[in-house]
1. Determine the gain in length on full extension of the stretch Ala127-Arg42; use 0.36 nm per residue of separation and subtract their C-alpha separation, reporting nm with one decimal.
2. Using a Gaussian network model of the chain with C-alpha springs under 10 Å, which one of Ala30, Ala93, Ala66 is most mobile by mean-square fluctuation?
3. With springs only between Cα atoms under 10 Å, which of Leu76, Leu117, Leu67 fluctuates most in a Gaussian network model of the chain?
4. If I compute volume of the Cα convex hull per residue in Å³ from the structure I just sent, which labelled value in (1) 86; (2) 106; (3) 143 lines up?
5. So, R0 is 25 Å and r is the distance between the beta-carbons of Val134 and Ala23; what FRET efficiency does that work out to, to 0.05?
6. Work out from phi, with θ = phi - 60° and the Karplus expression 6.51 cos²θ - 1.76 cosθ + 1.60, the ³J(HN,Hα) of each residue of the stretch 50-56, listed in order in whole Hz, and give x for Gly and Pro.
7. What ³J(HN,Hα) values, in whole Hz, does the Karplus curve 6.51 cos²θ - 1.76 cosθ + 1.60 give for the stretch 79-87 when θ = phi - 60°, with x put for Gly and Pro?
Amino acid sequence: MNAETAVLASTAAHFGFQATVTAIVYPALARIPSEQWTMGHRAHTRAITPVVAVVYGALAITGVWALWSGPDGWTLVALAFVAATVLVTTFAARLHGRLGAGHDADLIRRLLWVDRLRAATGTLAFAASLISIV
């Protein structure tokens, strides 16, 4: 396996993960009643953290490998979108931190918006990495 194929694999894994989060996980999280929020948010965080670590760890490892290997133009584009995804994820993490203190409908709406943006950047990273090996 070469670096470009590894980037494709990690962006594909992230795409699948992110599509599931955006379509299923976050909408379910947003529906947790305010009186059950603290427990529900805590359970969500415990459940998703290991998966996030694996998926984003793979993005980091394959990204460094690709940069070390001298990536082609489309792989660089993919890595730029991966970087954008990571940046957007830091905003999501900050919102999650604030939501850990309690239910806040406005923060939940912002989290859903940030998550859709992250899904878009992740999709573009996957598309660019796919183009890089075609």
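1. Details: separation 85, 0.36 × 85 = 30.60 nm, distance 3.32 nm.
Length gained, Ala127 through Arg42: 27.3 nm.
2. Among Ala30, Ala93, Ala66, the largest mean-square fluctuation in the Gaussian network model of the chain belongs to Ala93.
3. It is Leu67.
4. This structure yields the entry labelled (1).
5. Numbers: r = 26 Å, r/R0 = 1.06.
That gives a FRET efficiency of 0.40.
6. These are the phi-based 3J(HN,Hα) values: x, 5, 4, 4, 5, 5, 6 Hz.
7. 5, 5, 5, 4, 4, 5, 4, 5, 4
Where a number appears in this text, it was derived from the coordinates with a stated rule and is not lab data. Just so it is clear, the model here is predicted, and its values are computed rather than measured. A quick note on method: Cβ atoms are made from the backbone with ideal geometry, for glycine too, and the neighbour counts reach across all protein chains shown.
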